[in-house]
Amino acid sequence: MRLLCPYCGWRAHEEFDHAGDAAVVRPQDDADLAAWHAYVYLRSNPKGICREYWQHTRGCRSWLRITRDTLTHEVIDSSFATGQSAP
Ligand SMILES: [Zn+2]
């Protein structure tokens, strides 16, 4: 599988570390225990298109938000997680 870093271009996925589901939303500080439990421990394992955080640890070290298809490994979108634009 190859992933797209907005700064470095296409690279082998071995250069990246997976950093979790980008669709998970942090609950409010006063949320109940069930909401915090779901936020910390519960993850889906979707088949198809999903948004994930990745870090290009063996490259430019940027944090990325990548949308990809987990069935085909097609990368649909890639951007810096911080919202900055590519140079
Ligand atoms: Zn990079």
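The values are calculated or read from the model by the stated rules, or taken from the named source; none is laboratory data. Remember, it's a predicted structure, so these values are computed and weren't measured experimentally. Counting neighbours? That spans all protein chains shown, and the Cβs are built from the backbone with ideal geometry, glycine included. Surface accessibility is based on the protein's heavy atoms, side chains included, excluding ligands, DNA and RNA. Shrake-Rupley method; radii C 1.70, N 1.55, O 1.52, S 1.80 Å.
For the chain, report the accessible area per residue in Å² (1.4 Å probe, heavy atoms, rounded to an integer). Display every interim value, and only then the final one.
Values: 5890 Å² over 87 residues.
For the chain, the per-residue accessible area is 68 Å².
What spacing in nm lies between the two simple spin-label points modelled at His37 and Met1, each 7 Å away from Cα in the Cβ direction?
3.0
Computing the accessible area with a 1.4 Å probe over protein heavy atoms, can you report the carbon and sulfur percentage for the chain?
Numbers: 3030 of 5890 Å².
Answer for the chain is 51 percent, counting heavy atoms of protein chains only.
With a ≥ b ≥ c taken as the square roots of the eigenvalues of the C-alpha gyration tensor of region 2-80, please select rounded if a/c is under 1.5 and otherwise prolate if a/b is larger than b/c or oblate if it is not? The partial results should precede the final answer.
Values: a/c = 2.78, a/b = 1.82, b/c = 1.53.
Prolate.
Compute the length gained on full extension between Asp77 and Asn45: take 0.36 nm times their separation in residues and subtract their Cα-Cα distance, giving the result in nm to one decimal. Can you show the working numbers first?
Values: separation 32, 0.36 × 32 = 11.52 nm, distance 1.92 nm.
Roughly 9.6 nm would be gained on extension.
Given the DSSP H assignment, sum -39500 (n - 2.57) over each helix run of at least 4 residues in the chain and divide by its residue total; what's the result at 222 nm in deg cm²/dmol, nearest 500? Walk me through the intermediate numbers first.
Working: 1 runs with 9 residues, N = 87.
Result for the chain, helices only: -3000 deg cm²/dmol.
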